[in-house]
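Structure first, then comments.
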Amino acid sequence: MRRLATPQDIDAVFSLYMHERVVPYLGYDPMPLEDFRAIYQEMLESRRFFVYELNGRIAGFYRATRYPGRVQHVASLGTLAVDPALHGQGVALAMVSHAIDELKAAGVKRIELCVESDNAPALRFYKKLGFEHEGTLRKFYKRAGDASAIDDHLMALLID
Ligand SMILES: CC(C)(COP(=O)(O)OP(=O)(O)OC[C@H]1O[C@@H](n2cnc3c(N)ncnc32)[C@H](O)[C@@H]1OP(=O)(O)O)[C@@H](O)C(=O)NCCC(=O)NCCS
C-alpha cells in the first residue's frame with residue numbers, strides 16, 4: 001500500500017535512508033537524525049513524498065513531483081529506495097509500477113529521473129520498466145569523502 005509519509009514515519013524513513021546500501025544513492029550524505037529532521041519536514045510539506053508499506057511496515061519510499069506550466073505533463077521521480085532486507089523480491093517493481101499508473105491516471109506523459117552512473121542495479125531496474133537513457137549529467141553527483149564528482153544518467157519514460 002502506498003500513502004503519503006507522516007511525521008510518525010521519520011524513524012523508519014531515516015533508518016532506511018541512512019542504510020549503508022541505500023545512502024550512497026540518495027541526495028544527502030549520512031547525517032544524524034537531528035539534522036535529518038529539517039530535510040524530512042520539507043519532504044512532508046511537499047506532500048509528494050510517499051511510503052510503500054508491506055504487511056504494515058515501510059518497505060520503501062519515493063518522491064514524485066510535477067512541474068508547472070508548459071511542462072506540467074512531466075513528473076520527476078527521486079528519493080527512491082527499498083529496504084535492503086527486501087531487495088530482489090520485486091518490491092521496487094511493484095512500488096514504481098504503481099506510481100507510474102497513478103501518474104498516468106493524473107495525465108502525466110513523461111516521467112524522468114536521475115541515476116548515478118555507478119548504480120548498476122538501479123540503471124537495470126529503470127531500463128526494465130522502460131526508462132531510456134537520454135543524456136549524461138557530467139560530474140553531477142559528489143559524495144562527501146570522494147575526491148571528485150561522478151556522472152549521473154538522465155532517464156525518462158514516455159507515456160502515450
Ligand atoms: C534499485 C532498487 C530500488 C531496486 O529495488 P528491488 O526491490 O531490489 O528491485 P526489484 O526486486 O523490484 O527488481 C526489479 C528489477 O530491477 C533490476 N535489479 C534490481 N536489483 C538488481 C541488482 N542488484 N542487480 C541487477 N539488477 C537489479 C532487475 O532487472 C530486476 O528484475 P529481475 O529480478 O527480474 O532481474 C534497490 O536496489 C534500492 O533501494 N537501492 C538503493 C537505493 C537506490 O539505488 N535508489 C535509486 C536511486 S536513483
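Here, each number is a calculation from the coordinates, and none is a lab measurement. What you see is a predicted model; the values in this text were computed from it and never measured. With ideal geometry, Cβ positions are generated from the backbone for all residues, glycine too; neighbour counts draw on all protein chains shown.
Here are a few things to note about the model shown:
- For GLU53, the residues whose amide H sits under 5 Å from its own are ARG2, ARG3, ALA59, ignoring neighbours fewer than 5 places away on the same chain, with H placed 1.01 Å from N.
- Rh (Kirkwood; distinct C-alpha pairs) - the range 51-109, Å: 12.3
- Net charge of neighbours whose Cβ lies under 13 Å from the Cβ of ILE58, counting Lys and Arg as +1 and Asp and Glu as -1: -1
- The stretch between ASP101 and GLU53 holds 15.6 nm of extra length on full extension. This uses 0.36 nm per residue minus the Cα-Cα distance.
- The Rg/Rh ratio for the range 75-152, using Cα coordinates for both the radius of gyration and the Kirkwood hydrodynamic radius, is 0.99.
- 3J(HN,Hα) along the range 46-53, derived from phi through the Karplus expression 6.51 cos²θ - 1.76 cosθ + 1.60 where θ = phi - 60°, amounts to 5, 6, 10, 10, 10, 10, 10, 9 Hz, with x in place of Gly and Pro.
- Among LEU26, LEU157, a tally of other beta-carbon atoms within 10 Å of each Cβ gives an order, fewest to most, of LEU26, LEU157.
- When both bridge partners sit in the range 17-160, DSSP labels roughly 90% of those beta bridges antiparallel.
- Taking the three principal axes of the alpha carbon atoms in the chain, the coordinate ranges are 42, 40, 34 Å, sorted in descending order.
- Helix content alone sets the calculated 222 nm mean residue ellipticity of the chain: runs of n ≥ 4 DSSP H residues at -39500 (n - 2.57) each, divided across all residues, give -9000 deg cm²/dmol.
- Placing pseudo-labels 7 Å out from each Cα toward the beta carbon at ARG2 and CYS114 gives an inter-label distance of 2.2 nm.
- Around PRO7: net Lys/Arg minus Asp/Glu count, Cβ-Cβ under 14 Å: -1
- Separation between Cα centres of the range 19-42 and the range 78-155, rounded to whole Å: 17
- 3J(HN,Hα) along the range 70-82, derived from phi through the Karplus expression 6.51 cos²θ - 1.76 cosθ + 1.60 where θ = phi - 60°, amounts to 6, 10, 6, 7, 10, 10, 10, 9, x, 6, 10, 7, 10 Hz, with x in place of Gly and Pro.
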